[in-house]
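Reviewing the structure listed below.
The values are calculated or read from the model by the stated rules, or taken from the named source; none is laboratory data. Just so we're clear, the structure is a prediction, and the values are computed from it rather than from any experiment. Neighbour counts are summed over all protein chains in view; Cβ atoms, including those assigned to glycine, are modelled from backbone coordinates with ideal geometry. Accessible surface areas use protein heavy atoms only, side chains included; no ligands, DNA or RNA. Shrake-Rupley method; radii C 1.70, N 1.55, O 1.52, S 1.80 Å.
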Amino acid sequence: INAEYGDLWEAACRAAEQIQRMTAAALGGNAYQHASEPRAVQARQMYRTPNNDPVHANIMWDRRVVRGNTYAAQIITTADPAEVTKLKPQRETMDTDAHEFRVPTPEPVQGRSHIDIQTDAYLEELSDKVPELNVETQTDEFLDRPASPLFVPIKTGVDAGTQILEGDLFDFELEVEPILDVLVGKTLEQSMMEVMEEEELAELRAHQEEFVQLRNAELAETQRMEEAERRKFEEKERRVAEERERVEREKVLKEKISAAAFAKNYMGGIESSVLDRLSKMAYFYDPVEREIEIEFMPWIAELASEKHATQMVAMQVADGTVDGALEAGIKVYEAAHAAAVDPVEEEEEETETESEAQTDAA
């Protein structure tokens, strides 16, 4: 047996080496082949489309279910269920027919009343109080519960016996070979799968590390390029701003120069004309002459006016005095010579008096 196990082990090892070489050769070339071109999985709905038709949970709602006698001819109609219900025969008897009719008790006569009594063969005392009774008893000493006996089912059937000799059922040396083949094959296959999985994981890990390094390098390069582009953009914006400021300053300077030249050309002959006009409008004057005109001459004119007014008042007073004296003398004269003067003379005198008065007034 040991020699056979050794041969089997050597055969299993050779088979494992051959499988490993075949696997390595397959992985070295085209490892996978497809009978058709790979395609994406078609989108599929997760749930079925709900049916809008009403669904009855009770099977008796289905008109296809036969009710009553199954031997009679069934006529399936498409009419309205309400119409079908109307066509069904109605019950002629009422539900009360199923119960036994009982004659009611007549009403009691005057002065009496109906009461409930016991009509049983044995009477029972009725009471609201629950009957109570005291009873004494003596229990034995507490004993342990015995162990439950094992359940032994009742034997059924007939007992029979047979004799099995060695080698009748199976030969161990012959039957163990497929079991060993399966065990060894499964063990080698599992070990091979584990080794291949470890190698694949190692390759994936190395590939991932390489990818991470490459991604970090690309990320660093991208950041460097972005930083360079940002610096270029900032430099460009700064220079554009400086150029705009320079252009703006030049524009302002040109406008100032143009304004100064225009002002110089415009103001060249205006100074003399303004001075002449101001001189004509008496903005430029001699202070002594101006003082004489403003202060002295008005004072002289005011003083002369006051003196003239005083003289006029004095002359008016004198004229009034003279006129009063003349009028008084005339009245006295007229009163003295009123009788001797003719009317004609009186008229002449009055005319003379009026002419004199007018002369004096003038």
All-but-one check, M94 against (1) loosely packed, with under 10 Cβ neighbours inside 10 Å; (2) modelled with pLDDT of 75 or more, failing number (2)
Taking the stated definitions as given, is A314 modelled with pLDDT under 85 and open to solvent by less than 80 Å² (accessible area, probe 1.4 Å)? no
- Task: Would you be able to say whether some residue in the range 174-192 is more than 30 Å from R21 (Cα to Cα) and either outside any helix (DSSP H, G or I) or modelled with pLDDT under 95 (or both)?
- Result: yes
Note to self: If I filter the range 115-136 for residues that are more than 30 Å from A12 (Cα to Cα), of a type in the set (F, W, Y) and assigned to a loop (DSSP other than H, G, I, E, B), do I get at least one hit?
What the structure shows: yes
